[in-house]
1. Here's a check for you: in the stretch 250-259, which residue that is open to solvent by 10 Å² or more (accessible area, probe 1.4 Å) and not basic (Lys, Arg) is nearest to Glu300 (Cα to Cα)?
2. Can you name the residue in the stretch 276-292 that is without any contact (Cβ under 8 Å) to a residue 60 or more places away in the chain and on the phi < 0 side of the Ramachandran plot and is also surrounded by the fewest Cβ atoms within 10 Å (Cβ to Cβ) among such residues?
3. Please work out if Thr479 is within 19 Å of Cys215 (Cα to Cα) and under 19 Å from the mean Cα position of the chain (by Cα).
4. When you scan the stretch 199-222, how many residues do you find that are in contact with a helix residue (DSSP H, G or I) (Cβ under 8 Å, 6 or more places away or on another chain) and either more than 25 Å from Ser542 (Cβ to Cβ) or surrounded by fewer than 23 Cβ atoms within 10 Å (Cβ to Cβ) (or both)?
5. For the stretch 580-594, indicate whether the set of residues that are part of a strand (DSSP E or B) and more than 22 Å from Leu467 (Cβ to Cβ) is non-empty.
6. Considering the stretch 459-474 alone, what residues qualify as being open to solvent by 30 Å² or more (accessible area, probe 1.4 Å) and not β-branched (Val, Ile, Thr)?
7. Which condition does Gly607 not pass, out of (1) without any contact (Cβ under 8 Å) to a residue 24 or more places away in the chain; (2) farther than 15 Å from Thr484 by Cβ, if it passes all the others?
8. Being open to solvent by 30 Å² or more (accessible area, probe 1.4 Å), within 11 Å of Val598 (Cβ to Cβ) and either in contact with a helix residue (DSSP H, G or I) (Cβ under 8 Å, 6 or more places away or on another chain) or small (Gly, Ala, Ser) (or both) is the filter here, so list the residues in the stretch 645-660 that pass it.
Amino acid sequence: MSNRLVRSTSPYLQQHADNPVDWYPWGEEAFAAARERDVPVFLSVGYSACHWCHVMAHESFEDPATAETMNAAFVCVKVDREERPDVDAIYMSATQAMTGQGGWPMSVVLTPTGEPFFAGTYYPPEPRHGMPSFRQVLDAVSEAWRDRRTEVESVGADLVRHLRATTQVAADDGSGADDDFAALGEHAVRSLVSTFDERHAGFGGAPKFPPSMLCEFLLRRAGRTGDREALRMAEATLEAMARGGIYDQLGGGFARYSVDDRWDVPHFEKMLYDNALLLSCYLHWGRLTGSTLADRVARETADFLLRELATVEGGFASALDADSDGQEGAYYVWTPAELRDVLGDELGTTMADVFQVSVRGNAERGTSTLRLPSDAADIAAHRDAVRRLLQARALRPRPGRDDKVVAAWNGLAITALAEGGVLLEDERYLSAAVEAARLLVDVHLGADDRLRRVSRDGVAGEPDGVLEDYACVAEGFLTLFAATGDAQWFDHAERLVAQVRDRFGDGEAAFYDTAADAEQLVARPRDPTDNATPSGQATVASVLATMSGLTGEASSREGAEALVRGVGRIARQAPRFAGKALSVVEALADGPRQVAVVGRTGSPARGELVAAAFRLTHPGVVIAQGDGERAAVPLLEARPLVNGEAAAYVCHDFVCDLPVTDPAHLAASAPSDASDHPDSSDTARGALP
């Protein structure tokens, strides 16, 4: 019989709906049952694309004897970390505090009031490699609850005090930070050089995760200052990932991370957030340097999003599983014989060399990931081989798809695809961004302007959005406003920012990750660092910086500056976890730099000027477009057409140069840093009144 999870909208929870474990979803019903039975809560947190979550489920949660022990001694709660990032954040902090490490599946035991007193991750069904079996862990914890209750409750209370103190420390971590934004970026680059992998690129050793936010910062730094070290590290990392097995050389898109330091063998799950963030990075690399590799990877990644993750309702699904047919990576790996079977002996042998597929293999069971250390000499043959291999691969059992729509990650996708539509001159990408934005407005955004975090099959789930949802969606809407000129996207972004200010603020200059009226957990989470996705606080800073460029509101720029100062110490001491904030630092140091484009709606001339504005490499340049009559934002006010023609006004802090009508002149007319213009009067700058 199915358990309570069968009614869940989460694909991950539904994967456990037929377990013999009497699972509860997170909620008061579970904790009330624990209090009534006087037993602890066993909390299991994971996500649908998690390989080791599947392993533990098959080994333990599907085992009737193990389930009997769990049901007798605990109230068992299953949480999708992607649906409830607040619950995951609090108990992951507890797990790391107790064990020194974290990961998923996460296994935490709580008192009936939610205080954690035991934590770990994966446990095998039998003792292995010095690890106790899962049954041994359950028995020991149950015994401690029964025989040493006072000690257990004391541990839980102490840990909760620690968690609450940590959120306060995080908020104050940047007190006294250097106000010199330029110096902060320079220091971060020097620090990153010390951890840069000179042989294989990236930062640190295995496992290696795509450093999306760091690469964005390094590209912005190079664009603003010409910093060669910043550009070198970004280019080397982006190229190494694009040529490694972490990148799908046939179908585009990146896997979650590489288990080695060479980017060769990935953990094969593909996440929406990784691919949206990396799409932005490759677009910006191509824009800055003209790299053909960057252009190709950006197109292929955008095509992957549209082909593999687009939902019927217009949004984007969360992830593709690492496993297919019960084996991790089976969908993606090849042997030389399989290549010859599809391509014939001659071309198959050639492509085995091109993609580094060997008899020995570099993955499990003598298979190989596809890598492309250099472009194939015969591009036509390469393209034909890729087409045929894709067709053959499509006949294999496909990885499962988690088709819930997460607001924050769709916001990232909207940002990337809107830019991609303009920079790659492909209307499909921009149309997809608009469709995703419409879904968020129609399904996720209530009449009260509150944003629901998830939906599935066009139906919104219960959890309210967290800070990253509001911030990432607002940023996506602002990018869509720049790309389309449709004022509704600015209006929606403005309302989301109002929600952030009203409901997430700490009364000073920073924000919590959950709203003041959200469910009260044992601690209120607040993490200013980047993890798999950009920190909510840094993304709010980015949104406020853009809003200030569109509206001229000093409070928005001051808010952005205060937020990045608040993580200044993290940015100096651990820049690998502050890439988004450092990107905002570069934008603030350069701006507000603005381009206002006016022209008749739908006119090719206006579109060409907008495209030229998007190709500017200045970090954080703010773009608005309109018809020259109705000004959706103050940046567009008093910006008329020039002799009836479309025109672009290039401005710095609302002081604008004379308008240009030729896209070729737009880049040349972009003003340099304000420090290069000691006389900022309208007359000296040639600005119109």
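The values are calculated or read from the model by the stated rules, or taken from the named source; none is laboratory data. Please read all numbers here as calculations on a predicted model, not as lab measurements. Positions of Cβ are backbone-derived with ideal geometry, glycine not excepted, and every protein chain shown enters the neighbour counts. Protein only, heavy atoms only, side chains kept; ligands, DNA and RNA dropped before computing areas. Shrake-Rupley method; radii C 1.70, N 1.55, O 1.52, S 1.80 Å.
1. Leu250
2. Per the stated criteria, the residue is Thr292.
3. no
4. 4
5. There is at least one residue in the stretch 580-594 that is part of a strand (DSSP E or B) and more than 22 Å from Leu467 (Cβ to Cβ).
6. Answer for the stretch 459-474, where residues must be open to solvent by 30 Å² or more (accessible area, probe 1.4 Å) and not β-branched (Val, Ile, Thr): Ala460, Glu462, Asp464.
7. (2)
8. Within the stretch 645-660, just Glu645 meets the criteria.
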